[in-house]
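The values are calculated or read from the model by the stated rules, or taken from the named source; none is laboratory data. The structure displayed is predicted, hence computed values, not measured ones. Neighbour counts run over all protein chains shown; Cβ positions are idealised from the backbone, glycine included.
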């Protein structure tokens, strides 16, 4: 099974070459108070609510707008995307205890703020970790769940959180996760290249908040029985060259009927850019439309 180091998987999105044109039909920045932390969110479209949860070191723009995912889904749904704490325009506490389960509760508090009893939830990488925590702890709030670029996370490798946090604290950057996410058929980056890439991604961020976020990841873990017993409709979408594919296959082993979409010739950073990714999201949401009526007034 993939270890907890997989939690940091959207680090690879630092390499995304985004579309230069963003949708013009996007809502303005909005904020709500989540247990004392100011969280930013945006909305686009109308209809049944779909909540998008981005990955580590990403944001609404990087993960959902630049990749065209948000405007594509907004044609048929009310799409709500949030910046996780310590990411994008949301606040970032310096206490590791303000992360982990608090990041999960941020999603529930957003739904309460918007008076949404239930919603479809789509996560990518770290956002998928948060999504599966929602499956375990708040299944009644989910119409469906999609785990993108990720699978099952357990507690087998918690020291990796400390290793990565220490690397950032000591100015050595995100080398551990960059190495982990590099496909076997790609030439590994040099230490200098990884450091330079890390420095770019840390520009304009609160490094201390990022480190606290990393240390808080150690709270994340979902037992096998959650995937075996959940009634929440579940989809997995992962690139066939993504090192995290194995973690998705572990869920498939436990729950063979779960929909798994493997995107051919795609790795962790490119999957979210592929049209097949958006198609998989649309198809799954449409196939679960019978659940939508529960959100009607």
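With respect to being within 26 Å of residue 83 (Cβ to Cβ) and in a helix (DSSP H, G or I), residue 227 falls outside the description. So which of 92, 55, 47 is part of a loop (DSSP other than H, G, I, E, B), in contact with a helix residue (DSSP H, G or I) (Cβ under 9 Å, 6 or more places away or on another chain) and more than 23 Å from residue 218 (Cβ to Cβ)? Matching residue, one of 92, 55, 47: 47. The selection criterion, being within 20 Å of the chain's Cα centre (by Cα), surrounded by 15 or more Cβ atoms within 10 Å (Cβ to Cβ) and closer than 30 Å to residue 286 by Cβ, does not hold for residue 202.
Which one of 280, 209 is modelled with pLDDT of 95 or more and closer than 20 Å to residue 142 by Cβ?
Exactly one residue qualifies, and that residue is 280.
Counting the residues of the stretch 105-115 that are crowded, with 18+ Cβ neighbours inside 10 Å and within 17 Å of residue 70 (Cβ to Cβ) gives 2.
Filtering 222, 272, 237, 226 for residues that are touching a strand residue (DSSP E or B) at 6+ places or on another chain (Cβ under 7 Å) and farther than 25 Å from residue 173 by Cβ leaves a single hit, 237. All of 161, 119, 72 fail the test of being under 25 Å from residue 33 (Cβ atoms) and in contact with a helix residue (DSSP H, G or I) (Cβ under 8 Å, 6 or more places away or on another chain), apart from 119. Looking at residue 174, is it touching a residue at least 60 places away in the same chain (Cβ under 8 Å) and farther than 21 Å from residue 59 by Cβ? Considered against the rule, which asks whether it is touching a residue at least 60 places away in the same chain (Cβ under 8 Å) and farther than 21 Å from residue 59 by Cβ, residue 174 comes out as no.
Yes/no per residue for (1) over 22 Å from residue 267 (Cβ atoms); (2) surrounded by 17 or more Cβ atoms within 10 Å (Cβ to Cβ); (3) touching a strand residue (DSSP E or B) at 6+ places or on another chain (Cβ under 6 Å); (4) at pLDDT below 85:
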| residue | (1), (2), (3), (4) |
| --- | --- |
| 122 | no, yes, yes, no |
| 127 | no, yes, yes, no |
| 131 | no, yes, yes, no |
| 138 | yes, yes, no, no |
| 141 | yes, yes, no, no |
| 154 | yes, yes, no, yes |
| 166 | yes, no, no, no |
| 175 | no, yes, no, yes |
| 186 | no, no, no, yes |
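To keep it simple, each residue is scored yes or no on (1) touching a strand residue (DSSP E or B) at 6+ places or on another chain (Cβ under 8 Å); (2) at pLDDT below 95; (3) under 16 Å from residue 121 (Cα atoms); (4) crowded, with 23+ Cβ neighbours inside 10 Å.
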{"position": "5", "(1), (2), (3), (4)": "no, yes, no, yes"}
{"position": "15", "(1), (2), (3), (4)": "no, yes, no, no"}
{"position": "28", "(1), (2), (3), (4)": "yes, yes, no, no"}
{"position": "52", "(1), (2), (3), (4)": "yes, no, yes, yes"}
{"position": "58", "(1), (2), (3), (4)": "yes, yes, no, yes"}
{"position": "70", "(1), (2), (3), (4)": "yes, no, yes, yes"}
{"position": "85", "(1), (2), (3), (4)": "yes, no, no, yes"}
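The set of residues from the stretch 193-219 being under 18 Å from residue 93 (Cα atoms) and in contact with a helix residue (DSSP H, G or I) (Cβ under 6 Å, 6 or more places away or on another chain) comprises 211, 212, 214, 215, 216, 217, 218, 219. Among the residues of the stretch 263-284, those identified as under 15 Å from residue 243 (Cβ atoms) and in contact with a helix residue (DSSP H, G or I) (Cβ under 7 Å, 6 or more places away or on another chain) are 263, 268, 269, 271. When you look at residue 272, is it closer than 16 Å to residue 183 by Cβ, assigned to a helix (DSSP H, G or I), touching a residue at least 12 places away in the same chain (Cβ under 8 Å) and under 18 Å from the mean Cα position of the chain (by Cα), yes or no? So residue 272 fits the description; yes.
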